[in-house]
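A.B. asks: The structure's right below; bear with me while I get my questions together.
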Amino acid sequence: MATVMQKIKDIEDEVASYEFTTLTCIPGVIVYRGAKIQLLDLPGIIEGAKDGKGRGRQVISTARTCNCILIVLDAIKPITHKRLIEKELEGFGIRLNKEPPNLTFRKKDKGGINFTSTVANTNLDLETVKAICGEYRIHNADISLRYDATADDLIDVIEGSRVYMPCIYVVNKIDQITLEELEILDKLPHYCPISAHLEWNLDGLLEKIWEYLNLTRIYTKPKGMNPDYEDPVILSSKKRTVEDFCSRIHKDMLKQFKYALVWGSSVKHKPQRVGKEHELEDEDVVQIIKKV
């Protein structure tokens, strides 16, 4: 991904045609749609990385802290590498392109294992649930399912150390394969084809990164001044209330908060007076009114 790096500030990364060129974590920043997106170029991982081979645990531990993972695959042998990397990440508690299991698990002091479900189950029954809980020396718990969960889903919830994050499979060197092979790769979910050498589809990759990060840009408007469109406040789409906006600017802003004026698609009137629980939309403009 050498040419993508040209859009990154302050990066000195060695790029070559052979595998495992990157030996350390190389940080950089991509400025895209006004947002500064930090990119960590990590060393490749080998089979057994989750058990510590090739400094794999350090590499995967860093990946766990990210908001999105890009797995760069060679177009000539993508499936083999994809399965190996997925196995190592899964073994370290990273769940790619999955949502947390929609089930409730609560330990209690007595009463045994109570298992209920609002849907038909094809994978779990009371005996299986008791057996899994027994492996963790749990003898009293309430477990409620709201979808057809698997044994692995229940184990993930009991252990509680899993992280769920989006992943893009960046298939590089597409200039070295045929159109027919490219059409086969196109059936892969969460896939983005590129050629770093020929600079093919790098803008498409940036667009996909933006889509998977699912960010919200909020512009500030000081009283009596025009909005600042140069430096937006970036929020997660899952935490984009006015309260989240204030907390992102300064931890003490909520103490002085009276109300906010909002311009944009999240309100009917422009401006509209809102409280701190109001949910903002991408590219809204916000002016905070403080207590006197």
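Readers should treat all values here as calculations from the given coordinates under stated rules, not as data from a laboratory. Because the structure is a prediction, the values reported are computed rather than measured. Note that each Cβ is placed from the backbone with ideal geometry, even for glycine, and that neighbours are counted across all protein chains shown.
A.B. asks: Can you tell me which of 166-177, 119-130 comes out highest on packing, and rank the rest after it, using the mean Cβ neighbours within 10 Å?
C.D. replies: Ranking, from highest mean packing down: 166-177, 119-130.
A.B. asks: By count of other Cβ within 10 Å, fewest leading, how are Lys251, Lys110 ordered? Please list the in-between numbers first.
C.D. replies: On the way: Lys251 9, Lys110 6.
So the ranking, lowest neighbour count to highest, is Lys110, Lys251.
A.B. asks: Please compute the contact order of segment 136-292 in relative form: average sequence separation of alpha-carbon pairs under 8 Å and at least six residues apart, divided by the residue count, as a percent.
C.D. replies: Taking the mean separation of contacting Cα pairs over the length of segment 136-292, I get 17 percent.
A.B. asks: Run down the lysines and flag those whose C-alpha is under 21 Å from the C-alpha of Lys291, throwing out any fewer than 8 positions away in its chain.
C.D. replies: Lys221, Lys223, Lys251, Lys255, Lys258, Lys276
A.B. asks: While we're looking at this one, here's another question. Mind listing the long-range amide H neighbours of Ile69? Cut-off is under 5 Å, sequence gap 5 or more, other chains count too, H placed in the peptide plane at 1.01 Å from N.
C.D. replies: Answer set, sorted by chain and number: Cys167, Ile168.
A.B. asks: Can you sort Tyr219, Tyr259, Tyr229 from fewest to most other Cβ atoms within 10 Å of each residue's own Cβ?
C.D. replies: The most exposed by this proxy come first: Tyr229, Tyr259, Tyr219.
A.B. asks: For segment 108-237, take N as its residue count and report Rg(C-alpha) divided by 2.2 N^0.38 Å. Write out the running numbers ahead of the final one.
C.D. replies: Details: Rg = 24.0 Å, N = 130, 2.2 N^0.38 = 14.0 Å.
After normalising by residue count via 2.2 N^0.38 Å, the value is 1.71.
A.B. asks: Shifting gears a bit: Rounded, prolate or oblate: pick one for segment 103-159, where a ≥ b ≥ c are the square roots of the eigenvalues of its C-alpha gyration tensor, a/c under 1.5 means rounded, and failing that, prolate if a/b is larger than b/c, else oblate.
C.D. replies: Values: a/c = 1.70, a/b = 1.42, b/c = 1.20.
Here segment 103-159 falls in the prolate category.
A.B. asks: With the calculation restricted to Cα positions, what are the radius of gyration and Dmax of the chain in angstrom?
C.D. replies: 23.5, 68
A.B. asks: Per 0.36 nm of contour for each residue apart, how much would the distance between Asn67 and Thr118 grow if the chain were fully extended, relative to their Cα-Cα spacing?
C.D. replies: 15.2 nm is the gain from fully extending Asn67 to Thr118.
A.B. asks: Next question. Test of understanding: express the Cα radius of gyration of segment 215-290 as a ratio to 2.2 N^0.38 Å, with N the residue count.
C.D. replies: On the way: Rg = 10.9 Å, N = 76, 2.2 N^0.38 = 11.4 Å.
Taking N as the residue count of segment 215-290, the ratio is 0.96.
A.B. asks: Cα extents of segment 28-174 along the three principal axes, largest first, in whole Å?
C.D. replies: Each principal axis gives a Cα extent; for segment 28-174 these are 56, 37, 27 Å.
A.B. asks: Here is a follow-up. Using modelled amide H (1.01 Å from N, peptide plane; none on Pro or chain starts), what sits under 5 Å from the amide H of Ser266, excluding residues fewer than 5 places away?
C.D. replies: Glu281
A.B. asks: Take the chain, connect every pair of alpha-carbon atoms lying under 10 Å apart with a spring to form a Gaussian network, then pick out the residue of Ile138, Ile79, Ile37 with the largest mean-square fluctuation.
C.D. replies: Checking each option, the largest mean-square fluctuation is seen for Ile138.
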